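Note sheet for the following structure.
The values are calculated or read from the model by the stated rules, or taken from the named source; none is laboratory data. Small disclaimer: the values here were computed from a predicted structure and weren't measured. Positions of Cβ are generated from backbone atoms using ideal geometry, with glycine treated the same way; all protein chains shown enter the neighbour counts. All accessible areas refer to the heavy atoms of the entire protein, side chains included, with ligands and DNA or RNA removed. Shrake-Rupley method; radii C 1.70, N 1.55, O 1.52, S 1.80 Å.
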Amino acid sequence: MKLPSKLYDVLKWLVLIVIPALTTFYAVLDNIFGWGYAETVTTISAAACTCIGAIIGISTAQYNKEIR
């Protein structure tokens with residue numbers, strides 16, 4: 001499965017910057033305001049980052065296989 005370049009870039013940006021930043025932001029605000037569910041939110045976020053990261057890794061491997 002080779003992802004289109006634009007989709008690859010968006011997913012990589014989400015995994016490296018957006019999801020971790022939003023997770024940290026929520027966890028900090030939860031600590032301040034006591035909203036709850038911080039553990040659930042961070043667990044789901046970690047799972048999403050891992051899943052998307054695996055998809056990116058598979059795409060990169062396919063791309064590298066094609067250009068060799």
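Taken over the C-alpha atoms, the chain has Rg and Dmax values of 15.3, 53 angstrom. For the chain, a crude dipole built from +1 on the beta carbon of Lys and Arg and -1 on the beta carbon of Asp and Glu, taken about the Cα centre, is about 420 debye to the nearest 20. Using the rule -39500 (n - 2.57) for each DSSP H run of four or more residues, divided by the residues of the chain, the 222 nm mean residue ellipticity is -27000 deg cm²/dmol. Only one residue of MET1, VAL15, ASN31 has its Cα farthest out toward the positive end of the dipole of the chain, where Lys and Arg carry +1 and Asp and Glu -1 on Cβ, and that residue is MET1.
Taking all protein chains into account, the per residue accessible area for the chain stands at 74 Å² (1.4 Å probe). Within the accessible surface of the chain, defined with a 1.4 Å probe on protein heavy atoms only, the carbon and sulfur portion equals 69 percent. Derived scalar couplings between HN and Hα for segment 24-30 equal 4, 4, 5, 4, 5, 5, 4 Hz in order, rounded to whole Hz, by the Karplus curve 6.51 cos²θ - 1.76 cosθ + 1.60 (θ = phi - 60°), x for Gly and Pro.
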